[in-house]
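Down below is the structure, laid out as structure tokens.
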Amino acid sequence: MSEFVETVLRPHFNFWVYVILMMIGLWALIAKNNLIKKLIGLSIFQTAIILFYVSMGVKENANIPILDHHGHEEHVVAHAEDGHAGAHDKKAHVEKSDHATGSHGESHPDATSPDPDTMANPLPHVLMLTAIVVGVATLGVALSIVQMIFREYGSLEEDEILEQVKAGNSDG
């Protein structure tokens, strides 16, 4: 048993927590009859998925990929100090750019270029920020629909609402 804990549980503890959260949310969606409780379960399920994706984007001892524009700031600062930007300065900037990228536009790594192995990938985090915004908007729409259902049927219990819908269909 301790081998299982040491080899499976401890190294991937966060993933086990996310799976447990996902199962709690899924259980609430399936087993609960109250519409608000179903929405809470949906939110828990969504949170577990977002945490899972964010943790997939984490890299040990990684830096954030914030890069400068390869000396562009220094060039702009030099223009600000002179108070003018002549054609010669623009030509020097173009030559500097051509030197950095090569004559055919291909990139040549130099001593200041970052190592991709030491950089964290921001894409999962950015996508999950979008997922959070979409989730909040979806939850707001769902809560307004639940509010309209309560006004129409006087209940938030799924069984009671279905009985009223069936009774209304058989009468009409």
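Data for the structure
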read-out	value
For Val58: the one exception among (1) within 28 Å of Leu123 (Cβ to Cβ); (2) in a helix (DSSP H, G or I); (3) among the aliphatic types (A, V, I, L, M)	(2)
Residue within the stretch 140-147 that is surrounded by 10 or more Cβ atoms within 10 Å (Cβ to Cβ) and either closer than 29 Å to Ala62 by Cα or at pLDDT below 85 (or both) present	no
Selection from the stretch 2-44 of residues that are among the polar types (S, T, N, Q) and under 13 Å from Glu158 (Cβ atoms)	Asn33, Asn34
When residues of the stretch 148-172 are limited to those that are surrounded by fewer than 10 Cβ atoms within 10 Å (Cβ to Cβ) and among the polar types (S, T, N, Q), the one farthest from the chain's Cα centre (by Cα)	Ser170
Within the stretch 99-123, considering residues that are modelled with pLDDT of 55 or more and assigned to a helix (DSSP H, G or I), the one nearest to Ile64 (Cα to Cα)	Thr118
So Val126, is it modelled with pLDDT under 95 and either in contact with a strand residue (DSSP E or B) (Cβ under 8 Å, 6 or more places away or on another chain) or within 30 Å of Met56 (Cα to Cα) (or both)	yes
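Each row is one residue, and each column tells you yes or no for (1) farther than 24 Å from Val134 by Cα; (2) part of a helix (DSSP H, G or I); (3) modelled with pLDDT under 95; (4) among the charged types (D, E, K, R).
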residue: Val5; (1), (2), (3), (4): yes, yes, yes, no
residue: Trp16; (1), (2), (3), (4): yes, yes, yes, no
residue: Met22; (1), (2), (3), (4): no, yes, no, no
residue: Lys38; (1), (2), (3), (4): no, yes, no, yes
residue: Tyr53; (1), (2), (3), (4): no, yes, yes, no
residue: Ile66; (1), (2), (3), (4): yes, no, yes, no
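The values are calculated or read from the model by the stated rules, or taken from the named source; none is laboratory data. Worth saying up front: this structure is predicted, and the values here are computed from it rather than measured. As a convention, Cβ positions derive from the backbone with ideal geometry for all residues, glycine included, and neighbour counts pool all protein chains shown.
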